[in-house]
Amino acid sequence: MKQGGKNLEAIQAMNRTLLLRLLQQNHICSRANLAEQSGLKQATITNIINDFISWELVEETGLIEGCKGRRAIGIRLKTEGFYVIGVRLSRKYFEVGIFTLMGELVEEEYREYITNTKPSVVIPKIQEYIQRLIEDHPEKKILAVGMAVPGPYYFEEGVIEAVFTDWENVSIKRMLQDGLDLPVVIDHDANAGVLAECSFGIDPNLYETVVYLAVGQGIGAGIYYEGKIFRGATGIAGEIGHASINMDGPRCECGNRGCLTCYASTLAFTERVNQRMRNTGRQPFKQFQDLIQPVRQKDAVIYEEFQVNMRYLSAGIINLIYSYNPSLIIIGDEMSRVGEQVPEEIRYNIRQLVERKVLNQAEIRLTSFEKDSAFIGAAELAIDYAFVHTELFR
């Protein structure tokens, strides 16, 4: 591979991006803090921050506790100056909202359940909601649109595979971009989820490798390694939901047999519970959300099926541990709404199946957010794009 150097302009752009990410992470800090964390010279920090202030992107907040106990002038991102739009597309609905650069959802938000899943219907509806948000808030400078989608999602091509009918050969990125004047960034919902966690939920500097495991209607893993999302060659790294745990199992929508999604998704769990309900003359449940409270209350039949689901999920997590050796695994999406019983059952199952040393290598916990991490992560995709393309702020 041909290697090339970087000119002064490229280095300056990289430094600006670095400082914006540090400002987002720190909330409020001093110029000296930024110099210490970035390794940049004080003069470089001063020049860049002065540019940010002139763009009305950063503001001074007054005196704060600085390095070595000295008082310093605090600086922060201006959360009311610039905004992005986040879009979450799931298998059953989509939602659209405006976010600040700190990943905070502005109150305006739209959600619509999908009945016709054709891209020629869904994408124009999403575009309509985006345009409505922009028109309703002309006072807000909106920089970009980020969108989180189910996978497998081929990042470079912008194509979803085997989720909706008629979507396989359609570049949803091109379709969405064609109707908008704003730049558009699209990624797998699990990648969006791990980006949200590592931007707003946890301190990523404490963990070398973080895996966000989205357990919902499908299952996917977002992998955050050394400050970046790990996507693989075509963008489908982390598709743990389509890893087989039973080669003689049922046929999956992806074409494989016995995929983890067929056993451990919320759809699979709901279907098994409803089969038990029908067999015993009880009323079936319409959706997974209706099962959350019975699981928490340990309804005998429903909790038994929940434990089955957790055993399947634990088998997938063991594969994740041996494949990526993460220091932290975060459980998100629909299944996380059950609560602490999810990581408790997973830890118990892993202790029964592998050496304790393996379990101790990875902390397992629930998502940091009450709201869907992928929705917040969709906004962070757009924020991260703006941090790289700082000309959008001028």
Considering every pair of different Cα atoms, what Kirkwood radius, in Å, is found for the chain?
22.4 Å
P(r) of the range 8-77 over all Cα-Cα pairs, binned every 5 Å from zero, in whole percent
3, 18, 30, 30, 13, 4, 1, 0
Name the residue, out of Cys252, Cys262, Cys198, whose mean-square fluctuation peaks in a Gaussian network model built on the chain with Cα pairs under 10 Å.
Cys252
Could you work out the relative contact order of the range 1-132? I mean the mean sequence separation of Cα pairs under 8 Å and 6+ apart, divided by the number of residues, in percent.
15 percent
Using Cα centres only, tell me the gap between the range 160-219 and the range 106-132 in whole Å.
17 Å
Magnitude of the charge dipole, the chain, Cβ model with Lys/Arg +1 and Asp/Glu -1, debye to 20
840 debye
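Just need the relative contact order of the range 8-77 here, percent rounded to a whole number, with Cα pairs under 8 Å and 6+ apart.
Taking the mean separation of contacting Cα pairs over the length of the range 8-77, I get 33 percent.
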Projecting the Cα atoms of Gly222, Tyr154, Gly86 onto the charge dipole of the chain, where Lys and Arg contribute +1 and Asp and Glu -1 at Cβ, the residue farthest towards the positive end is Gly222
Please name which of Gln297, Leu328, Asn349 has its Cα lying farthest along the dipole of the range 203-366 towards the positive end, using unit charges on Cβ (Lys, Arg +1; Asp, Glu -1) and the Cα centre as origin.
Gln297
Contact order relative to length for the range 330-394, counting C-alpha pairs under 8 Å separated by 6 or more residues, stands in percent at 39 percent
Degrees separating the helix 300-324 axis from the principal Cα axis of the chain, which is the longest one:
50 degrees
Of the listed pairs Lys92/Lys286; Lys228/Lys357; Lys92/Lys140; Lys140/Lys228; Lys125/Lys286, which have alpha-carbon separations greater than 21 Å here?
Lys228/Lys357; Lys92/Lys140; Lys140/Lys228; Lys125/Lys286
Applying a 10 Å radius around every beta-carbon, put 380-392, 221-233 in order of their mean neighbour count, most first.
380-392, 221-233
Can you compute 3J(HN,Hα) from phi for each residue in the range 133-139, using the Karplus curve 6.51 cos²θ - 1.76 cosθ + 1.60 with θ = phi - 60°, rounded to whole Hz and x for Gly and Pro?
4, 4, 5, 6, 10, x, 7
Taking K and R as +1 and D and E as -1, what net charge do the other residues with C-beta under 13 Å from the C-beta of Tyr385 add up to?
-2
By how many degrees, 0 to 90 and rounded to 10, does the Cα axis of helix 373-388 deviate from the longest principal axis of the chain?
30 degrees
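Given R₀ = 35 Å, FRET efficiency for Ser54-Arg111 by Cβ-Cβ distance, to 0.05?
0.35
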Grab the DSSP H runs of the chain that are 4 residues or longer, score each as -39,500 (n - 2.57), total them, divide by all residues and round the 222 nm result to the nearest 500 deg cm²/dmol.
-12500 deg cm²/dmol
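None of the figures in this text is laboratory data; all of them are computed from the coordinates on show. Quick caveat, the model's predicted, so the values are computed rather than measured. Reconstructed Cβ throughout: ideal geometry from the backbone, glycine too, with neighbour counts over all protein chains shown.
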